């Protein structure tokens, strides 16, 4: 598990916790699994928005070529690539990959080639399948349009949080 990368995001329409403090019942990944490398993509500019998340409906398209070259930004919600209310904000979803593994597309590449079961190279297929099986064994279900997105099942109606990451 040393090479796993976790990327968590939140929305801006949920209960708020004080900046820098996790909400009740949450823990910092570094405190419970210090060997896992964590990237907080949505707290900085290295993501499909090109900035910290506050992006969903504006007209800025400067990251489209890298993250959704075959789809207009306005289609990301209706096509199901981005959810109106994300399970990431409940702490029940994670975006995950393994460093130095080929998954066929980069993380947050919005295109059918990123779908978990999309046709890809043998190496990428083996890596996607291995990640899928690992996460299933631990109670997570994959979002079929994103090989990297998994949600923990068995918890209903968890509250959402909007937390500033420090």
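The values are calculated or read from the model by the stated rules, or taken from the named source; none is laboratory data. As the structure is a prediction and not an experimental result, all values here were calculated from the model. Note: ideal-geometry Cβ built from the backbone for every residue, glycine included; neighbour counts use all protein chains shown.
Structural remarks
- Within the stretch 112-142, the set of residues being in a loop (DSSP other than H, G, I, E, B) and within 15 Å of the chain's Cα centre (by Cα) comprises 115, 116.
- The lone criterion from (1) closer than 25 Å to residue 50 by Cβ; (2) surrounded by 14 or more Cβ atoms within 10 Å (Cβ to Cβ); (3) at pLDDT below 95 left unmet by residue 105 is number (3).
- Filter result (at pLDDT 75 or above and either outside any loop (DSSP other than H, G, I, E, B) or at positive phi (or both)) within the stretch 26-53: 29, 30, 31, 32, 37, 38, 50
- Taken together, the criteria exclude residue 157 from residues that are surrounded by fewer than 16 Cβ atoms within 10 Å (Cβ to Cβ), out of contact with any strand residue (DSSP E or B) (no Cβ under 8 Å at 6 or more places or on another chain) and at pLDDT 95 or above.
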